[in-house]
Amino acid sequence: LVDALARTDAAYAGGLAKYVGRSRELLAASARGDNPFEGFAPSVPDGETLVFGDAGFGAAERDGLEAARKTGFVLVAGGLGERLGYEGIKLELPVELATGKSFLELYVDYVLAVQARAREDSGDASLVVPLCIMTSDDTDAPTRALLEAEGDFGAEPGQIEIMKQDKVAALSDGNAKLAVDDDDRWALLTKPHGHGDVHSLMRSTGIAKKWRESYGLDYVFFFQDTNPLVLHTILPALGVSAKRGFSMNSVCVPRRAGEAAGAITRLAKAGDDDLVINVEYNQLDPMLRAATGDGDVNDPATGFSPYPGNANVLVLGLADYVTTLHGEDMGVVDEFVNPKYKDDAKCDFKKPTRLECMMQDYPKLLRREVPGAKVGFTTFERWVAFSPAKNALDAARASSAKGEPAGAAGSAEFEVYAAHATRLGLATAGEVAATRTLSGVAGLFGGPKVVLLPSFALTQADVDAKVTPGSLDLDADAVLVLDGANIAVESAKVSGGLKVVNKRADASVVIRDLVVSNGGLAHVEIPDADIPAAKPFERIRGYKAVDAGVLVVEVAEPGHFLLSKDGQLTKLADEAEL
């Protein structure tokens, strides 16, 4: 028991004494029914809305490419896939079945693609773009094992760092008595503290300070573990932060009034600096009703609330971040407590509780340590930015039946295809006229299954430069995967599947007059009776991918190549022959 107390004391900034004292304050406020936003007047904060394909989006991506040279990435990955119906870590799940790449491999691929582009643009061959992963007791060992087994997916030694989140002591009553296990009075009961721990860990590990002082970085980009579309927001969000001088920039998506999603809101109170922060939907509506009489309502012009939906993705200015982390609060964001009381006395709990924290509450720390720091947001269309894989198949089916987003591994996969098809001009805003249903989940993208990997294109300008407009003729069920920087598409017709891989810096491929006809990659439903025996990543989707003859073309040597009618690579004497 003493060992457990010592561990929790060491893990919490300020120790157990501070934790218990803070718990008593928050439990007393909870018992009184205090409103944390009492006296604040809400308004829409300053930010930008980017629309894919317009000039502002392109300019933001260009600015972001420059800012990315001095950006570190933090992946918050403390959760298992239990809600998905998966027992392992979510990071090892495949994003989509056309390539089978795991979430972690895709994210590392992106960081390496940014690094390669930054080295090329800056002329600095030693430039490093670092990645830090926050794990938990549940995910730490398997995450490390995955990285070791895959050789860090090609990252350089030390480029990926891991910091493990510890749990906090559970509380058994309104006086913040520490709880022990019901079956063992010498076992301290602990619970997760929340993803807000990422900030105190960035301080205690010294990573934030090292990135600023040794690496000379200017920004930190925080993202979650199973939203692959977030990669489309990184560069434009960085560009907006650089242009607007935001110390904190929240990536957002449009939200409808009353939608169960937090909203970025400006809060003003006499005698205090304004606070721009996420406000949960159940707190936003009464606050707006008190201020305006209308509550949370949609803007008639857009059909959405003027308060953008929080995607829990942050861009932070590193100079202010380091200052804030090394202030009085030591990176511990303001916590909250949510006890379930046994009775009206509000002292005894139905079950032990704990203090919790969320990373998006960082503005409260920032305001105290860097008064006047600019906090804003960047809103993207949902199809560009947000498709989390979080729900099990049964929940996805139920949501789909009600016309709501499925939010499952399968729907996230097809939303990746939709976004990439849109980037090629094969769909509009992630949609086509016809949709498909797989394993009871309706409304899935009905167009070609396109995967443009980060090594192929980081920006829409990259896509436009490498793919001639109107050059692709893909069947609705076609599969197209492009992987590698030096690939250009002039004309191709695909009925079936095509995967082109060119990871060599000393080779280039031009696809011209190519006609592909094969069985492709079929997504086949698994009967419900057979789902329990299926592979885990197929079980959570309710379908599997069957390769019926996808043409795979991989460049294995230096030189200039033409991929033409017969589907064979022809090596040319020199680039002029193209």
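Residues of region 335-360 being among the basic types (Lys, Arg) and under 19 Å from residue 13 (Cα atoms), which ones? Break it down stepwise before answering.
We begin by selecting, within region 335-360, every residue among the basic types (Lys, Arg); these are 340, 342, 346, 350-351, 354.
Residue satisfying the conditions is 354 alone.
Filtering region 82-100 down to residues that are open to solvent by 10 Å² or more (accessible area, probe 1.4 Å) and part of a helix (DSSP H, G or I), which residue is nearest to residue 127 (Cα to Cα)? So that I can check it myself, show each step before the final result.
First, the residues of region 82-100 that are open to solvent by 10 Å² or more (accessible area, probe 1.4 Å): 82-83, 85-88, 90, 92, 94, 97-100.
Now drop any that are not part of a helix (DSSP H, G or I), which leaves 82-83, 90, 92.
Working: 82: 38, 83: 39, 90: 30, 92: 28 Å.
For region 82-100, the residue satisfying everything is 92.
From the set of residues in region 284-303 that are surrounded by fewer than 10 Cβ atoms within 10 Å (Cβ to Cβ) and at pLDDT 90 or above, which is farthest from residue 260 (Cα to Cα)?
301
Go through region 192-208 and report how many residues are small (Gly, Ala, Ser) and more than 22 Å from the chain's Cα centre (by Cα). Don't jump to the end; show me each part of the working.
The initial filter retains those residues of region 192-208 that are small (Gly, Ala, Ser), namely 194, 196, 200, 204, 206, 208.
Add one more test, that the residue is more than 22 Å from the chain's Cα centre (by Cα), and what stays is 204, 206.
Of the residues in that region, 2 qualify.
Inspect region 439-447 for any residue being within 28 Å of residue 111 (Cβ to Cβ) and either in a loop (DSSP other than H, G, I, E, B) or modelled with pLDDT of 95 or more (or both) and give the result as yes or no.
The initial filter retains those residues of region 439-447 that are within 28 Å of residue 111 (Cβ to Cβ), namely 445.
Filter once more, so that each one left must be either in a loop (DSSP other than H, G, I, E, B) or modelled with pLDDT of 95 or more (or both): 445.
Looking for residues that are within 28 Å of residue 111 (Cβ to Cβ) and either in a loop (DSSP other than H, G, I, E, B) or modelled with pLDDT of 95 or more (or both), one finds at least one in region 439-447, hence yes.
Select from region 497-515 the residues that are open to solvent by 10 Å² or more (accessible area, probe 1.4 Å) and more than 32 Å from the chain's Cα centre (by Cα) and list them in ascending order.
Here is the first cut: in region 497-515, the residues open to solvent by 10 Å² or more (accessible area, probe 1.4 Å) are 499, 501, 503-506, 508, 510, 512-513, 515.
Of everything in region 497-515, those that are open to solvent by 10 Å² or more (accessible area, probe 1.4 Å) and more than 32 Å from the chain's Cα centre (by Cα) turn out to be 506, 510, 512, 513, 515.
Could you run through region 296-341 and say how many residues are part of a strand (DSSP E or B), hydrophobic (A, V, I, L, M, F, W, C) and over 21 Å from residue 265 (Cα atoms)?
1
Can you list residue pairs whose Cβ atoms sit under 6 Å apart, with the first residue in region 165-179 being of a type in the set (Lys, Arg) and the second being modelled with pLDDT under 95 and assigned to a loop (DSSP other than H, G, I, E, B)? Count only pairs 6 or more apart in sequence or on different chains.
From residues that are of a type in the set (Lys, Arg), the pairs are 167/192.
Please go through region 218-248 and pick out each residue that is surrounded by fewer than 23 Cβ atoms within 10 Å (Cβ to Cβ) and more than 21 Å from residue 407 (Cα to Cα).
218, 242, 243, 244, 245
Checking residue 281 against (1) farther than 27 Å from residue 404 by Cα; (2) hydroxyl-bearing (Ser, Thr, Tyr); (3) open to solvent by 10 Å² or more (accessible area, probe 1.4 Å), only one condition comes out false. Which one?
Of the numbered conditions (1) farther than 27 Å from residue 404 by Cα; (2) hydroxyl-bearing (Ser, Thr, Tyr); (3) open to solvent by 10 Å² or more (accessible area, probe 1.4 Å), the odd one out for residue 281 is (1).
Quick check on region 566-577. Is at least one of its residues surrounded by 13 or more Cβ atoms within 10 Å (Cβ to Cβ) and among the polar types (S, T, N, Q)?
Step one: list which residues in region 566-577 are surrounded by 13 or more Cβ atoms within 10 Å (Cβ to Cβ), which gives 567, 569, 571-572.
Within this subset, residues satisfying the condition of being among the polar types (S, T, N, Q) are none.
No, region 566-577 has no match at all.
Out of the helices (runs of 4 or more DSSP H) lying entirely within region 360-431, which hold 1 or more residues that are within 21 Å of residue 74 (Cα to Cα)? If you could, list the steps in order and put the result at the bottom.
On the way: elements: 362-369, 382-385, 393-401, 409-423.
Ranges flagged: 362-369, 382-385.
In region 452-474, how many are modelled with pLDDT under 95 and under 19 Å from residue 98 (Cα atoms)?
Qualifying residue count for the region: 0.
With the requirement that a residue be open to solvent by 40 Å² or more (accessible area, probe 1.4 Å) and among the aromatic types (Phe, Trp, Tyr), what does region 397-430 give you? Walk me through how you get there before you give the answer.
At the first step, the residues of region 397-430 found to be open to solvent by 40 Å² or more (accessible area, probe 1.4 Å) are 397-398, 401-405, 415, 425-426, 428-429.
Hits for region 397-430: nothing passes.
Among the polar types (S, T, N, Q), over 27 Å from residue 227 (Cα atoms) and open to solvent by 20 Å² or more (accessible area, probe 1.4 Å): which single residue out of 323, 353 fits that description? Working first, answer last.
Details: 353 fails: open to solvent by 20 Å² or more (accessible area, probe 1.4 Å).
Only one candidate qualifies: 323.
Applying the selection to region 283-314, what residues are among the β-branched types (Val, Ile, Thr) and in contact with a helix residue (DSSP H, G or I) (Cβ under 9 Å, 6 or more places away or on another chain)? Talk me through it step by step, then tell me what you get.
From region 283-314, those among the β-branched types (Val, Ile, Thr) are 292, 297, 302, 313; that's our starting set.
Hits for region 283-314 are 297, 313.
Being modelled with pLDDT under 95 and either among the aromatic types (Phe, Trp, Tyr) or within 21 Å of residue 312 (Cα to Cα) (or both), is that true of even one residue in region 54-77?
yes
Of all residues in region 133-159, how many are touching a Leu at 6+ places or on another chain (Cβ under 7 Å) and assigned to a strand (DSSP E or B)?
2
Collect the residues in region 529-554 that are without any contact (Cβ under 8 Å) to a residue 60 or more places away in the chain and either under 30 Å from residue 398 (Cα atoms) or open to solvent by 70 Å² or more (accessible area, probe 1.4 Å) (or both), keeping them in residue-number order.
Kept after step one, since they are without any contact (Cβ under 8 Å) to a residue 60 or more places away in the chain, are these residues of region 529-554: 529-530, 532-535, 538, 546-549, 551-554.
Across region 529-554, the qualifying residues are 529, 530, 532, 533, 534, 535, 538, 546, 547, 552, 554.
When region 160-191 is examined, which residues are found to be in a loop (DSSP other than H, G, I, E, B), surrounded by fewer than 17 Cβ atoms within 10 Å (Cβ to Cβ) and under 20 Å from the mean Cα position of the chain (by Cα)?
Within region 160-191, no residue meets the criteria.
Residue under question is residue 439, and the condition is that it be open to solvent by less than 40 Å² (accessible area, probe 1.4 Å) and over 24 Å from the mean Cα position of the chain (by Cα); does it hold?
Spelling it out, residue 439 is indeed open to solvent by less than 40 Å² (accessible area, probe 1.4 Å) and over 24 Å from the mean Cα position of the chain (by Cα).
What are the residues in region 442-459 that are on the phi < 0 side of the Ramachandran plot, open to solvent by 20 Å² or more (accessible area, probe 1.4 Å) and free of Cβ contacts under 8 Å to residues at least 60 places away in the same chain, if any?
Selection gives 442 alone.
Please go through region 137-152 and give me each residue that is touching a residue at least 24 places away in the same chain (Cβ under 8 Å) and surrounded by fewer than 21 Cβ atoms within 10 Å (Cβ to Cβ), ordered by number.
Step one: filter region 137-152 for residues touching a residue at least 24 places away in the same chain (Cβ under 8 Å), giving 137-140, 142-143, 146-147, 150, 152.
Matches in region 137-152: 137, 138, 140, 142, 146, 147, 150, 152.
Just one of (1) touching a Lys or Arg at 6+ places or on another chain (Cβ under 9 Å); (2) within 24 Å of residue 519 (Cβ to Cβ) trips up residue 408, so point out which.
(2)
All but one of (1) surrounded by fewer than 22 Cβ atoms within 10 Å (Cβ to Cβ); (2) touching a Leu at 6+ places or on another chain (Cβ under 9 Å) hold for residue 262, so report the exception by its number.
The number of the failed condition is (1).
Within region 87-104, does at least one residue satisfy the condition of being at pLDDT 95 or above and out of contact with any strand residue (DSSP E or B) (no Cβ under 9 Å at 6 or more places or on another chain)?
Within region 87-104, none of the residues are at pLDDT 95 or above and out of contact with any strand residue (DSSP E or B) (no Cβ under 9 Å at 6 or more places or on another chain).
If you go through region 476-505, how many residues are of a type in the set (Asp, Glu) and modelled with pLDDT under 95?
Number satisfying all stated conditions: 1.
Assess whether residue 251 counts as being over 23 Å from residue 51 (Cα atoms), modelled with pLDDT of 90 or more, open to solvent by less than 60 Å² (accessible area, probe 1.4 Å) and under 20 Å from the mean Cα position of the chain (by Cα).
Numbers: over 23 Å from residue 51 (Cα atoms): no; modelled with pLDDT of 90 or more: yes; open to solvent by less than 60 Å² (accessible area, probe 1.4 Å): yes; under 20 Å from the mean Cα position of the chain (by Cα): yes.
No: the conditions fail for residue 251.
The values are calculated or read from the model by the stated rules, or taken from the named source; none is laboratory data. The shown structure was predicted, so the numbers you read here are calculated from the model rather than taken from an experiment. Neighbour counts are summed over all protein chains in view; Cβ atoms, including those assigned to glycine, are modelled from backbone coordinates with ideal geometry. Only protein heavy atoms, including side chains, enter the accessible area calculation; ligands, DNA and RNA are left aside. Shrake-Rupley method; radii C 1.70, N 1.55, O 1.52, S 1.80 Å.
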